[in-house]
Structure formats: structure tokens, C-alpha cells
């Protein structure tokens, strides 16, 4: 008897889950998530999932701890309801920046999250544009790591000419080089010095950006300090205009105000995370839809087909 496909959504991004189900041509599985007066989270799956192949769509975005706890409790509820296999679909993996021990007496939080998910019953993970690809190694279960690159590349090719791809820091060079190769364009790197967490000072540009349309590439934009300082540096070095592309629009704190007042002409993001109201109202921010990419991956995983053709 073939496995039945079910898609369950948490409260983090129900719109994305509904769009995924629309591409799959199926309804979303009913569930109830609410909080008690003291803040405890209550989860109940409203439909029979016995023997089903269940995909739980839940980016662990802000508030990260609430959405992570929702994911853990949903997986436990599904396991206790005899789901045959539970796949956590995590378009944005929270705590990913804490992926190594870079100071004394600090946790490797990305590893802790991975262990929590495995212990509670997740048997496969589907994620997109991890902050560090080696986070896949924190899991002892299969991890399918998708990239938003196909969607972003298509947008860049349609909307910009005479571009140069720019990495905002040394850590993003590999990602930016891959985009530059597929765009058949040049590559530049911004040398920066970070004085405090979430703050940085762009120093100078490695590469010639004069007269070019500079495209800043990053996996996420949080407080936007890196991108805005980088854009100002690129303009000082002769770039014609600056645009930015990021997969995950975290956009916390003063990010939206900084973007509005910056040299960035547009910020292209994907819908792995729902935008805050002030970000939705910002005319500079353009959202690309990755629901079809996630739906295709879910279908291939369910049918035991290859997912590698979706990788870039």
C-alpha cells in the first residue's frame, strides 16, 4: 500500500505551506496550535496521519524559540500518532550562525537544534540556503539542502545588465563566485572589519566595480548593517548602482530603516520567512517565491526520486 502524503504547517509561515500544497494539488493537513495563558504551546493534529509520509513546514524565524518549540511538539504529536516518516521542512534554519565554538564557554547551538529534532522523531530534513553548509553534518539523518539560486539568478538575468557580483565579506566568496560563474560576470569582495556583534565597518573593495551594476549577495539580511555599509563603499568606488540579493529576510531591529536610507536601490529576497509589516511597506524590497521549488523537492522525496537535479 503506497504511503499517503501529508503536509502540516506551524504558525511560522502558513502562507508558504498553503502555496506548497497548492503546487502539490492537495489540501493542508488540519492542526491546532495555541498558547496557554502562561505561554505554554499546545499542539493537536486534527486528521488521521497513521502510516503517512508527513512533511512539517516550519521556518524557525522570529520569534525563534516559539517556532522551534512548535516544530518539536508537532513532530512529537505526529510520531505518537503513528506517522510512518516525518520530514522537517525548514526553509530558514534558526541558530545557524552559532555553528562553531569561536569563543570559550559558548554552545554550538546549531548542533543542539539538530539533536533536538532527531531525538523527537524527525527522520529527514529539507532546508534552504543554510548559513553554513556543514550544518548538514550535525544531523545523523538525510538532509536535502536546496538553494534559492535558480529563482534569484532568473530575476537578475531579466532585470539587470552589465553586472558584477559582490560578496559583502570573505565568508560569502564561495556563494558569490558560484553566481558570478553562472552570470558570466566579474567578482568583487568587500573587505570589512567587525568591531561588535551585528555591527561592521566596510573598509575597501577587492576588484573593479567602476561603472558596473553591483549585486551584493548574501544568504540572509538581519540588521542590514553589512549590506548598507557595503553599498556605500561600492558607490564610493565608482559603482553605477547597487542592488542586494538575499535568501532569508530576517530584517530585525533597524534593518528596514537602514535599507530605506541606504545606497541600495533594491533588495531582492525570497519568501522563506514572512516579511514584517514595515518590510512589506518598503518599496525597495522585492520578494521572490520559492514555494514551487520546495513543493518539487517534497514530491521527489515522497516518490523516492532524485532531488539532486534541484541543486545548484
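Read the figures in this text as sums done on the coordinates, not as results from a lab. What you see is a predicted model, and the numbers here were worked out from it, not measured in a lab. For neighbour counting, all protein chains shown are included, and Cβ atoms are generated from backbone atoms with ideal geometry for every residue, glycine included.
Of all DSSP-defined beta bridges confined to the stretch 62-198, some 0% are antiparallel rather than parallel.
Could you calculate the contour length gain from residue 11 to residue 309, that is, 0.36 nm times the residue separation minus the distance between their Cα atoms, to one decimal place in nm? Could the numbers behind the result be given before it?
Numbers: separation 298, 0.36 × 298 = 107.28 nm, distance 3.03 nm.
104.3 nm is the gain from fully extending residue 11 to residue 309.
Between residue 84 and residue 182, the simple spin-label model (points 7 angstrom out along Cα→Cβ) gives 3.3 nm.
For the residues 46, 252, 167, a GNM of the chain with alpha-carbon springs under 10 Å puts the largest fluctuation on 46. Extending 7 Å from the Cα toward the beta-carbon at both residue 46 and residue 64 defines two label points whose distance is 3.1 nm.
Within 10 Å of each residue's Cβ, count the other Cβ atoms and sort 176, 213, 87 from fewest upward.
Details: 176 22, 213 19, 87 25.
Ascending Cβ contact count within 10 Å gives the list 213, 176, 87.
Note on the stretch 149-288: along the principal axes its Cα atoms extend 36, 35, 24 Å, ordered by decreasing extent. Computed from Cα atoms, the angle from the helix 14-24 axis to the main principal axis of the chain rounds to 80 degrees. Spin-label model, residue 208/residue 26: points 7 Å from Cα along the beta carbon direction are separated by 5.5 nm.
Mean projection of the alpha-carbon convex hull of the stretch 5-146 over all orientations, in nm²? Intermediate values should be presented prior to the final figure.
Working: hull surface 35.7 nm².
Here the figure is 8.9 nm², rounded to one decimal.
Each Cα pair under 8 Å and six or more residues apart adds its separation to the average, and for the chain the resulting relative contact order is 14 percent.
Please give the helix 109-120 orientation as an angle from the longest Cα principal axis of the chain, in degrees from 0 to 90, rounded to the nearest 10. For 109-120 against the chain, the angle is about 20 degrees. The angle separating the long axis of helix 149-159 from the principal Cα axis of greatest extent in the chain is about 40 degrees.
In the chain, the convex hull through the Cα atoms has an average projected area of 17.0 nm², a quarter of its surface area.
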